[in-house]
Amino acid sequence: MAVAPKINVGDDYKEKYGFFDPEKFVFKAKRGLTDEIIQEISWMKGEPEWMTKLRLKSHAIFLKKKLPTWGADLSVIDFDNIFYFLKSTEKQGTTWDEVPEDIKRTFDKLGIPEAERKFLAGVSAQYESEVVYHSLHQKLTDQGVVFTDTDTALREHPDLFKEYFGTIIPPADNKFAALNTAVWSGGSFIYVPKGVHVDIPLQAYFRINAENMGQFERTLIICDEGSFVHYIEGCTAPIYTTDSLHSAVVEIIVKRNARCRYTTIQNWSTNVYNLVTKRAVVYADATMEWVDGNLGSQITMKYPSVYLMEPGAKGDVLSVAFAGKGQHQDAGGKMIHVAPNTTSTITSKSISKGGGRTSYRGHVKVYPGANHCKSFVKCDALLLDDESRSDTYPYNDVDAENVTLGHEATVSKVSDEQLFYLMSRGITLNEAETMIVNGFIEPFTKELPLEYAVELNRLIQLEMEGSVG
Amino acid sequence: MADLEIKDLRVSVEDREILKGISLGISKGEVHAVMGPNGSGKSTLSNTLMGHPGYKVEGGEVLFKGKDILQLTPDARSRLGIFLALQYPVVVPGITMNNFLRTALNAHRGYDGKDKSKAVSPKEFRSLVEPHLETLKIEKSFLSRYINEGFSGGEKKRVEILQMAVLKPELAILDETDSGLDIDSIKYVSAAINQLRGPDLGVLIITHYTRILEFIKPDFVHVLVNGSFVLSGGPEVADLLEAKGYSEWVDEPAPAEEVSA
């Protein structure tokens with residue numbers, strides 16, 4: 001784990017560290033979603049009226065919107081049987097004994113410390129890293145950077161919040177964006193002032209009492225002109241949750257000359273439907289980079305997108321998906337060229353094993369007048385056996401002139417000749433396969449901070465040994 | 001008994017019999033050359049000895065250090081001390097030569113990721129690799145490149161011999177290592193092999209042409225034609241081929257000159 005030093009989060013952590021628990025509510029968690037539940041959530045959080053109204057409006061949109069008819073089969077999701085809001089204390093319903101053996105084994109093999117395991121397994125709601133975060137926090141505050149959870153941001157930075165929230169991904173965007181807007185809780189809020197370069201990656205983990213692993217987290221990042229930030233969410237260790245639906249929304253604004261990189265490594269337990277909407281709008285000469293790795297979950301549908309609004313804007317998506325037995329990773333990217341002289345690249349790498357299925361789904365749109373744009377899409381799929389599957393669904397939509405559009409797709413199997421070559425040097429079949437897979441995703445791994453790269457390689461090794469559930 | 005004993009080996013590829021019962025013994029300290037025209041079964045012999053899954057053994061035996069190796073996977077054969085320099089080394093993207101060499105060395109030492117005391121240390125690794133870079137005229141920067149990616153034909157072959165030098169096999173099979181090499185590369189490769197040559201190493205050079213044998217003097221030369229040995233002897237056999245080619249057995253011109261690939 002690429003995380004701060006470990007502090008023992010035992011049963012007495014509340015007393016020891018002062019668990020944040022503002023008031024006792026009468027709120028009682030119920031399955032299913034009604035306007036009353038939404039009002040209760042909003043009231044309990046002490047939200048301004050506009051947010052309550054927005055939540056209710058979004059709920060109405062959610063009810064009207066149909067499930068997507070493309071991509072993975074989502075018809076089995078039972079929306080009436082989901083807890084849409086649980087207080088963190090109530091979330092600790094899981095005990096260590098209930099955590100599945102395969103998850104525990106993976107923790108063992110990855111060498112995750114005890115305290116962290118409980119957090120990742122949903123046994124403990126809190127992961128304490130205040131000590132490290134504190135000095136970082138001071139530095140960020142001095143620079144004028146805001147880095148907090150999204151609920152706190154609504155309370156403490158109401159004007160900034162209202163100016164941007166829901167402007168990039170409005171509730172009517174899709175059914176799951178509507179759902180998220182109706183019931184969102186947690187997530188990260190980042191504001192980087194003009195010209196400020198945040199020189200170390202900001203990780204969701206740094207936040208104390210983080211609810212960043214909630215079901216309906218909401219993240220909003222604003223990079224003001226000429227600024228830079230790298231935000232990292234998730235980790236390579238499997239996140240065990242009994243919640244079967246994870247539907248996050250991430251909105252990012254990258255102003256003139258700024259650059260934002262958003263790195264995700266997600267490894268949900270394989271009961272999870274991971275349906276995430278991620279979008280950035282990018283202005284003149286600014287850059288948005290999505291680095292997105294999806295390993296776990298039963299179904300993932302995720303297509304980070306970039307709206308290139310002004311000349312010189314640049315968008316990159318680099319994604320990796322690994323689908324094992326019973327998993328379907330439907331991932332890709334969208335590049336929307338609104339202005340001329342904008343550039344984009346999408347690089348997708350997928351690995352299917354043991355009957356797993358990966359799909360690349362991408363959309364490159366160039367609006368009329370957005371001349372002289374360049375876009376390049378490359379998707380490579382690696383199949384590890386005959387039962388596994390990979391598909392490519394690239395959509396290109398070009399209404400401008402002098403546009404350079406490239407698309408390259410390869411599907412390959414681990415070649416016998418490569419295996420023979422590595423094995424002829426004494427390397428076992430399993431290790432040779434692992435090396436080839438790690439080599440295949442190397443263009444992705446090399447973009448990660450070193451500790452994440454090492455973990456990812458180790459995780460691939462575990463997946464290849466078949467020791468991950 | 002020789003360290004490598006091939007007895008009446010018969011091998012087929014896609015149901016076609018290629019090796020029709022050949023026998024050969026190689027002891028440590030000896031350099032053998034197997035020469036033959038195209039299609040005679042030379043590469044089938046080298047790949048079969050290393051355990052390539054595309055070659056089916058129909059009969060016969062191969063013993064190495066007294067052990068039947070035909071049931072062993074290629075990695076087990078390698079760890080037993082057999083090395084094959086491939087005729088066409090493969091590109092493996094995303095894995096650096098450094099990582100490859102280190103992983104191979106660790107595999108030979110029985111390091112499986114757990115007992116760190118078995119793993120080669122960075123310092124030892126450098127001491128094992130760097131001296132050979134000089135002999136083989138390989139730039140150090142090659143080690144940070146991906147396996148064979150963007151390497152020229154000659155660079156690939158030199159890097160094969162680098163792997164051999166690092167892994168220190170007891171039997172080295174060089175499958176047409178000279179093909180496609182310019183004269184400088186042949187010299188570097190030969191110098192490196194001659195350095196490794198000695199009482200602890202048996203060498204099997206597989207070649208179409210006699211040129212490499214001017215630099216690496218064989219103790220024995222065997223002529224393979226159509227899946228069988230038709231002539232065996234000392235270095236004078238190579239001289240004979242140099243003069244006459246394979247015309248005695250097949251309709252092919254003298255092999256002395258190669259069209260450089």
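Across the alpha-carbon set of the stretch A:306-411, the Rg to Rh ratio works out to 1.08, Rh being the Kirkwood radius. Okay, helix-only estimate at 222 nm for the protein assembly as shown: each DSSP H run of n ≥ 4 adds -39500 (n - 2.57), divide by all residues, round to 500 deg cm²/dmol; what do you get? Estimated from H runs of four or more residues: -8500 deg cm²/dmol. 3J(HN,Hα) along the stretch B:196-212: 7, 4, x, x, 9, 10, x, 10, 10, 9, 10, 7, 8, 10, 7, 4, 5 Hz, from the Karplus curve 6.51 cos²θ - 1.76 cosθ + 1.60 with θ = phi - 60°, whole Hz, x for Gly and Pro.
Looking at the stretch A:409-469, the trypsin sites (Lys or Arg not before Pro) that sit in a DSSP loop and have at most 13 other Cβ atoms within 10 Å of their own Cβ are A:Lys446.
For chain B, state the average projected area of the convex hull of the C-alpha atoms over all orientations, rounded to one decimal in nm². With every direction weighted equally, the projected area is 14.0 nm².
Counting only other chain Cβ atoms within 10 Å of each residue's Cβ, the peptide B:69-75 averages 4.
Other residues whose C-beta falls under 15 angstrom from the C-beta of A:Thr277 contribute a net charge of +2, scoring Lys and Arg +1 and Asp and Glu -1. Legend: mean number of C-beta atoms from other chains within 10 angstrom of residue C-beta atoms, peptide B:91-98, equals 6.
Hand me the GluC sites (Glu not before Pro) from the stretch B:92-173 located in a DSSP loop with no more than 14 other Cβ atoms within 10 Å, in residue order please.
Those that pass, being in a loop and sparsely packed, are B:Glu139, B:Glu149.
Apply the a/c threshold of 1.5 to the C-alpha gyration tensor of the stretch A:368-469 and tell me whether it is rounded, prolate or oblate.
Prolate.
With the convex hull constructed from alpha-carbon coordinates only, the protein assembly as shown shows a mean projected area of 36.0 nm² over all directions. Here the contact order of chain B, divided by its residue count and restricted to Cα pairs under 8 Å and six or more residues apart, works out to 26 percent.
For peptide A:430-443, what's the mean number of Cβ atoms from other chains within 10 Å of each residue's Cβ?
Values: counts 1, 6, 6, 0, 1, 7, 4, 1, 3, 10, 4, 1, 5, 2.
Average neighbour count from other chains, rounded to a whole number: 4.
Amide H to amide H distances under 5 Å link B:Leu70 with B:Val62, where only residues 5 or more positions off or on other chains count and H is placed in the peptide plane.
FYI, it's all coordinate maths here, none of it is from the lab. As the structure is a computational prediction, the values presented were derived from the model and not from experiment. Reconstructed Cβ throughout: ideal geometry from the backbone, glycine too, with neighbour counts over all protein chains shown.
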